[in-house]
Amino acid sequence: MRLFVAAFGALPRGLARALGAGVGAVAYRLLKRLRRTGLRNLQLAFPESSDAERERILRAEYRHLGLLLAEFCQMTKYTPEQASRFIRYEGLENYEAAQQRGKGVLVLTGHLGAWELSSFYHSLMGRPMGMVIRRLDNPLVDAFVNRIRCLHGNRVMHKDDFARGLLAAMRNGESVGILMDTNMTPPQGVFVPFFGVMACTASGLARVAQKTQAAVLPGFLLWRAEEQRYVLHFGETLQLVQTGDAEADAVANTALFTAVMESYIRQYPEQWLWLHRRWKTRPAGEAGIYG
């Protein structure tokens, strides 16, 4: 892993991106099982689309993932001046307003756009934050990747032990990004609609927001082809459902966050991780989706 990052990182950014796109194209051909998963997910999400259109989206996603690989390998040498040539903010005032509330900020995000680069760029520009992530299976690779993620003040909070740390971060008025677009299992996950299909979804973000009154707003680093640059977009603070019924509110707010996530994915379908078995966990008595 170190040698791969070093090799790609030593290249000019344009060449690294071109090679990354090539890696993505090769992976599309070779990784047949993941390709089947991606096409099945696209069939669920876009039943009205043709097979050709779904395949186009998936090919574009593989290319996008190859570009993200190249960007990750380049990140250690980025300076604020360099990165600002191909990344800009949009809606930064929304993030700053959420911070000024003083009760902490929960950034609703997912595997959309350049998710690794987003928090890295935010920290590079003097705004470090916490990140809730899953440990990588290889502890050496996990440590290496986290070192890069945290070069400019970010800190990692692992999913298997994050509740207390997240509550403390909100009490201290800090910001934490949470990727909440992966398959979960009960009781940590609750079933809410996602592209019209019930999906078991992490409810932790909703529960922490209810408990701390932290601001929740969407944040994604999206590639804008018309600009040929990334845009780190922050949406407006979301208005949470607060009826006094904690469990019902947790489900309602998880559904709200999931609907917001879906709205961004629909705008940029080529930039979401369709390879993940998002609908693997099914409600009791319902047949599996992936065969």
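Quick notes on this one:
- Relative contact order (%) - the stretch 78-271, alpha-carbon pairs under 8 angstrom, separation at least six: 30
- Relative contact order [Cα under 8 Å, 6+ residues apart], the stretch 223-291, whole percent: 12
- Over the stretch 1-85, equivalent-ellipsoid semi-axes from the Cα gyration tensor in Å: 30, 14, 10
- In straight-distance terms, cross-link reach from Lys159 covers every one of the lysines whose alpha-carbon lies under 23 Å from its own, apart from those fewer than eight places away in the same chain; here that gives Lys103, Lys211, Lys280.
- Gyration tensor (alpha-carbon) shape descriptor, the stretch 78-271, a/c threshold 1.5: rounded
- Computed over the chain, the per-residue total of -39500 (n - 2.57) for DSSP H runs of n ≥ 4 gives a 222 nm mean residue ellipticity of -15000 deg cm²/dmol, rounded to 500.
- Positive-end residue of Phe8, Gln188, Met170, charge dipole of the chain with Cβ unit charges: Phe8
- For the stretch 125-192 and the stretch 249-275, distance of Cα centres in Å: 19
- Highest-first packing order for the peptide set 231-242, 167-178 is 167-178, 231-242, based on the mean count of other beta carbon atoms within 10 Å.
- Of the trypsin sites (Lys or Arg not before Pro) found in the stretch 8-67, none is in coil by DSSP with at most 16 other Cβ atoms within 10 Å of its Cβ.
- In summary, the aspartates and glutamates within cross-link reach of Lys77, defined as a Cα separation below 18 angstrom excluding same-chain residues under 8 places away, comprise Glu116.
Throughout, read-outs are computed from the coordinates displayed, never taken from laboratory work. These figures come from a predicted structure and were not determined experimentally. Here Cβ is always computed from backbone atoms with ideal geometry, including for glycine, and neighbour counts include all displayed protein chains.
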